[in-house]
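Peer 1: Following this message is one structure expressed as structure tokens.
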Protein chains: 2
Amino acid sequence: MGLFTKDIKTMDDLFVHQLQDIYYAEKQLVKALPKMADKATDPQLKQGFLTHLEETHVHVQRLEQVFKMHGAEVKAVNCPAIDGIIKEADETAGEVDDKAVLDAALINAAQAAEHYEIVRYGSLIAWARQLGRNDCAAVLQKTLDEEKVTDKKLTSLAEGKINMRAAS
Amino acid sequence: MGLFTKDIKTMDDLFVHQLQDIYYAEKQLVKALPKMADKATDPQLKQGFLTHLEETHVHVQRLEQVFKMHGAEVKAVNCPAIDGIIKEADETAGEVDDKAVLDAALINAAQAAEHYEIVRYGSLIAWARQLGRNDCAAVLQKTLDEEKVTDKKLTSLAEGKINMRAAS
């Protein structure tokens, strides 16, 4: 997308732009999740990050599939939102001097990324349907469902164990 | 918070750090929402942004109240996540060359901000309860409820009207 031109002229352009944005975001998460798994102390949390990393690889592949189904070039555009979310996760984690508290901070950081994705996939699915691309919407829906499951698992883990340990 | 020291030693420190983070985020949204209202074309969307601006002023006041209840200094720390979300909203909006498509992009941007807040307030409430601060949790819950209502309103508006217009 050009910096000084208005390249998004139609809903279809917006859909493709958003695909490029979330494609970048998923690829950044592929890099960030192993680091988060390394930092996590609780074995269940560590495993949770690694499981979600495997899912995220699949999410990247699904996006490539949707680009192709829609006849668009597989391409990423910068996504300052996910960069900001990851930067903040790193900064906060770097300031925590207690392993149990760090686990609580890591869950919170991961949930910020999950919710970012939940919003973007939600819009992409609605836009795909509006554009008559129910086939693309169906592929994107699989990922959205997995992001929502991951978010709920993180909440359960935080409220069932991690927060209690962090506060003790 | 120091750049080279690990200042978050307890769950209480993490709670206060997160309060400072969301305090910054709410104040940035007070600046961003009038610009989003200016850019919106649909009168209902424009009014929605202005109504949420009024609510956001109250959210800032509630955070100041929670800082005081908890005996912590009212203070903001930089929040790269909300900066990234707002930057991305500005960049994308700047590339859209159609008013109806811009409305769809603006809703998507606003929902990214809402979900960021939903995650952070969710964690703050869970942490406050863990710390025995049900009084703080109750104040924060009021804001979380409003953020969720706003998010749902935006989805209804997008799916009921804005997306259809943008695709036509």
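No value in this document is a laboratory result; all are computed from the given coordinates. Values in this document were obtained by computation on a predicted structure and should not be read as measured data. When we count neighbours, we look across all protein chains shown, and the Cβ atoms used for this are built from the backbone with ideal geometry, even at glycine.
Peer 1: Between B:Lys99 and B:Val58, how many nm apart are label points set 7 Å from Cα along the C-beta direction?
Peer 2: About 3.1 nm, to one decimal.
Peer 1: Per-residue mean of other chain beta-carbon atoms within 10 angstrom of the beta-carbon, peptide A:108-121? Mind showing how you got there, number by number?
Peer 2: Details: counts 10, 3, 1, 6, 8, 2, 2, 10, 8, 1, 5, 14, 4, 0.
Taking all residues of A:108-121 together, the mean is 5.
Peer 1: Let me ask something else about it. May I ask you to derive the FRET efficiency for B:Lys142 and B:Lys9 from their Cβ-Cβ distance with R0 = 25 Å, giving the value to the nearest 0.05?
Peer 2: Working from the Cβ atoms, E equals 0.25.
Peer 1: Give a quick list of GluC sites (Glu not before Pro) in segment A:1-90 that DSSP marks as loop, anything other than H, G, I, E or B, with at most 13 other Cβ atoms within 10 Å. Intermediate results must be reported in sequence, preceding the final value.
Peer 2: Details: sites: A:Glu26, A:Glu54, A:Glu55, A:Glu64, A:Glu73, A:Glu88; in loops: A:Glu73.
Qualifying residues, ordered by number: A:Glu73.
Peer 1: Which of A:Asp83, B:Asp145 has the fewest other C-beta atoms within 10 Å, and how do the rest follow up to the most?
Peer 2: Values: A:Asp83 19, B:Asp145 11.
Lowest count first: B:Asp145, A:Asp83.
Peer 1: When A:Arg133, A:Arg62, B:Arg120 are ordered from fewest to most other Cβ atoms inside 10 Å of their Cβ, what list results? The partial results should precede the final answer.
Peer 2: Working: A:Arg133 20, A:Arg62 17, B:Arg120 26.
Taking fewest neighbouring Cβ atoms as first place, the list is A:Arg62, A:Arg133, B:Arg120.
Peer 1: Now, a different point. Lysines near A:Lys75 by alpha-carbon distance under 19 Å, same-chain residues fewer than 8 away left out - which ones?
Peer 2: Of all the lysines, those that pass the test against A:Lys75 - Cα under 19 Å, at least 8 places apart if same chain - are A:Lys6, A:Lys9, A:Lys27, A:Lys31.
Peer 1: I've got another one for you. Distance between Cα centroids, segment A:64-105 to segment A:125-147: provide it in whole Å.
Peer 2: 21
Peer 1: Shielding of A:122-131 by partners, i.e. mean partner chain Cβ atoms within 10 Å per residue? Write down the numbers at each step before the final one.
Peer 2: Numbers: counts 7, 11, 1, 0, 8, 7, 0, 3, 10, 3.
Whole-number average of other-chain Cβ neighbours for A:122-131 is 5.
Peer 1: Using 7 Å Cα-to-Cβ label points, what is the A:Ala72/B:Glu159 separation (nm, one decimal)?
Peer 2: It works out to 2.1 nm between the two label points.
Peer 1: Just tell me how shielded A:75-84 is by partners: mean number of partner chain Cβ atoms within 10 Å of each residue's Cβ, no decimals. Provide the component values of the computation, followed by the final result.
Peer 2: Working: counts 0, 0, 4, 3, 5, 11, 16, 4, 6, 11.
Mean inter-chain Cβ contacts per residue within 10 Å come to 6.
Peer 1: Could you pull the Rg and Dmax for segment A:1-106, using just the Cα atoms, both in Å?
Peer 2: Answer for segment A:1-106, Rg first and Dmax second: 16.8, 50 Å.
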